Structures are given as C-alpha cells and as structure tokens.
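Trainee: Here's a structure for you.
The values are calculated or read from the model by the stated rules, or taken from the named source; none is laboratory data. Not measured: the values here are computed from a predicted model. Ideal geometry is used to build each Cβ from the backbone, glycine not excepted, and the neighbour counts take in all protein chains shown. Side chains are part of the model used for accessible areas, which takes the heavy atoms of the whole protein and leaves out ligands, DNA and RNA. Shrake-Rupley method; radii C 1.70, N 1.55, O 1.52, S 1.80 Å.
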Amino acid sequence: STKSLYNMMVSVTKVLGVLCLAQTATSFTTTPTLPTFQQSSPLCMATVEAAETDENLTSQGLLKRDRYVATNRFAVRTNKGAKFEARWANRKSRLSELNGFKYFHLMRRVTLDEDGTCTYDAGEKSDGSNMGNYVSFTIWEKKSDFSAWRKGDAFKEAHGGTSIGAFMSTMISSALILKGPPRPAFYDGLLVQSTTPDNVPETIDGWRNVEADGKVNLPAECFIACNQFFVPADNGAAFEKRWADRESMLKKCEGFVAFSMLRRDTGGKGHGVVPMDENTEPTYLSTTIWENRAAFDKWREGTAFKKAHGAKPPSEQQGSKSEGPANPPQPLWAKPPQPVFYEGTLVISKPEGA
C-alpha cells in the first residue's frame, strides 16, 4: 500500500542518515562474568580537588583523553549477519590512510560457551536487545581527527554518497539488513595500553581486501571483553582515579592487544545521536582486546587477573582495620556492572598498534 511504502522510505532515510557515523552493547545472558575491582567509599572531596592540579586531569578532576573512540551500534536482522559483514568487507574506504587513524574492527556480540567457543548473540527484537548485536569500533588519535574524517571526501566515499545511484543502493540495502537506524556512541579513551602487533593485516588503498560472499560469516580475528559501568557524574573522578591507581600486568599477558577505559562523550553530535539514558546505557566501558578467546580465558584464570582484582589500589589503603570508615562504604556505580563480549573481524591497525 501507499502508506506501507511511505513508512519504509522513512525508515530507510533514517538508516542512511546515521549509517555514515560508522567506526560495546546492551544485553548479556550467559553465566561467565567479568571481574570488577572491590567496592569502597568514594575518595574524599579534598583528594579530588587536590588532584585537579595534575597535568593529566581536567579542571573537573577527570582524566584527559588519550584517544577518541567512535562506535556505531546496529540491530542486524535475523540471518542477515553474513550479508552485513560482506557490506563492510566490500565497501570502499581509505580509513587506514587518514590522519589520526589508529585502529578499527567490526564486532559481533557473542555469548561464551563452556567448551571455549562462542555463539552469536543476536538479541531479541521484542525487548530491544537486538540493538548492538553488531558494533563498529574505531580508535582515533584525537577527536579532531575523527571530526575531520567525518567532514571530508573519504567519509562520502565510504558511505555511498558519491552519486545518486550509490545513494539509493545504500538506502535499500540498509533497510533490508538492519532493523531500524544505527545508534552512534562516542567515547574518550582513557588509560590506554597497547602492544605492537607482530603482524598487521594487509590493506589496499586504506581498507582490508578479504573475500566475503554474504553467505558465510567472516572469521574472528580478535576477541573483545567489555564491562559496562553505570557511574553517576558525581562519582566520575573517583571512579577514574581508582582505575588509574590499579596495578596492571596486561602487557605481560600472552595474547593481549589493547585496553582502554571508555568514558561516554555525551556532547557528541551528528545524525542519529540521541541523549544518553543513564538508566540503560553505561557511562563507562572497560574494553580489552585479545588475540582470541583462549588468550582471554588464560588471563582470567591466571595470576595477573587475581593481582589486578584482589586488592584495593594504594590510594585507598589508608589507616588500620580498627579505624574503619565512619559510614558504610558507598558504591561508585548506580547498579552492578554488566559484561558483554564480542568477536572482532576486519581488523585494521597501525603498525605501532592502537
């Protein structure tokens, strides 16, 4: 009918409008969980105020960003994952040649099986958990680098904006593969750690050259473990300091690729960007990239994991046990952290890493 056709075109137009913001997610239903550090009361205000003079902090006592991370969350329709991946694999892009580019991968959300394998987690349309079953993830040196890419010709080339024909093809293809428009989310990358990769995937003219037929999923090239934290703004400085004070041995772990604590940039603007709902979306997201699931499991079962998560940071080891706090410890987050896992494919990296 005319009305149905009109509704489809409206949906298609919305999809195209935010598709250009490409480059983790909402639900997790398996038993394995990511660890979190021990809860304790927030740092006293005097400590935070004194820290504001640190050159690594903003005037609000927050950590200055090391990187800028742009993501786009997609709700891929049932049984359309391989087609969606093929669209990414076969697109034209000069991403790796752009100023400020550091790292990219396309993520598909998974649950962890007891045998060490992963199963794709598509989510459910009925409860909205299908949103984020795929996520594009791009690390930039600076926010200005991302902004320059988004305003330049390379952006148009990558998203079908070079001709009317390419424009219409992108619209139709998106409507058939995606359920609704993508939802971009931008982050300040904090406390970045990265290793120099032994091998960097080959790119041709700035993009990966891989075979993708739209029938078989692309092979996993990395594994991503995230923990979603729902931290009120008033606790942000204390939360960041706690992570900054932790002792990390990640770089010594076999198979480690990169880590960053992502702080949601609520000031990000662009097509498809909507105000963040702090009740359903995390304000912070710890993101660790591993070469594979086996490397993650080995870390989680090893001494590096226990050392990182078994004690308070030095800044909070004050006083004797008998001097305990006058009031019960208060959590830094509004609700328990929520882990989420992904397989990454189409990895593109600078030779020095992320």
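Trainee: I want to check the label-to-label distance for T117 and L191. Put each point 7 Å from Cα in the C-beta direction and report it in nm to one decimal.
Mentor: With each label placed 7 Å out from Cα toward Cβ, I get 3.5 nm.
Trainee: Which order do the peptides 130-136, 61-67 take when ranked by the mean count of other beta-carbon atoms within 10 Å per residue, highest first?
Mentor: 130-136, 61-67
Trainee: Using the structure shown, select from K92/K151; K142/K179; K80/K125; K92/K350; K64/K151 the pairs with a Cα to Cα distance greater than 21 angstrom.
Mentor: Result: K142/K179; K64/K151 exceed 21 Å.
Trainee: Within the accessible area of segment 191-274, what % is carbon and sulfur when the probe is 1.4 Å and the other protein chains stay in place?
Mentor: Carbon-and-sulfur percentage of accessible area, whole number: 46.
Trainee: Fully extended, how many nm does the chain gain between T280 and K298 (0.36 nm per residue separation, minus their Cα-Cα distance)?
Mentor: 3.4 nm
Trainee: While we're here: Could you size up the charge dipole of segment 183-292 around its Cα centre, putting +1 on the beta carbon of Lys and Arg and -1 on that of Asp and Glu, and report it in debye to the nearest 20?
Mentor: For segment 183-292, the charge dipole is close to 280 debye.
Trainee: Also, I was wondering about something else. Scan around L178 for amide H atoms under 5 Å from its own, H built in the peptide plane at 1.01 Å from N, and keep only partners 5 or more places away or cross-chain.
Mentor: Under 5 Å from the amide H of L178 lie the amide H atoms of R77, each far enough along the sequence or on another chain.
Trainee: Additional query: Report ³J(HN,Hα) in whole Hz for each residue of segment 251-262, in order, from the Karplus equation J = 6.51 cos²θ - 1.76 cosθ + 1.60 where θ = phi - 60°; Gly and Pro get x.
Mentor: 5, 8, 8, 5, x, 6, 10, 6, 9, 7, 8, 9
Trainee: In segment 71-123, which GluC sites (Glu not before Pro) are in a loop and have at most 16 other Cβ atoms within 10 Å, using DSSP for the loop call?
Mentor: In loop regions of segment 71-123 (DSSP not H, G, I, E or B), the sparsely surrounded GluC sites (Glu not before Pro) are E114.
Trainee: While we're on this one: Tell me the net charge near D115. Cut-off is 13 Å between Cβ atoms, D115 excluded, with +1 for each Lys or Arg and -1 for each Asp or Glu.
Mentor: Within the 13 Å Cβ shell, the charges total -2.
Trainee: On to the next question. So if we plug the beta-carbon distance of E55 and N199 into 1/(1 + (r/R0)^6) with R0 = 25 Å, what FRET efficiency do we get, rounded to 0.05?
Mentor: 0.10
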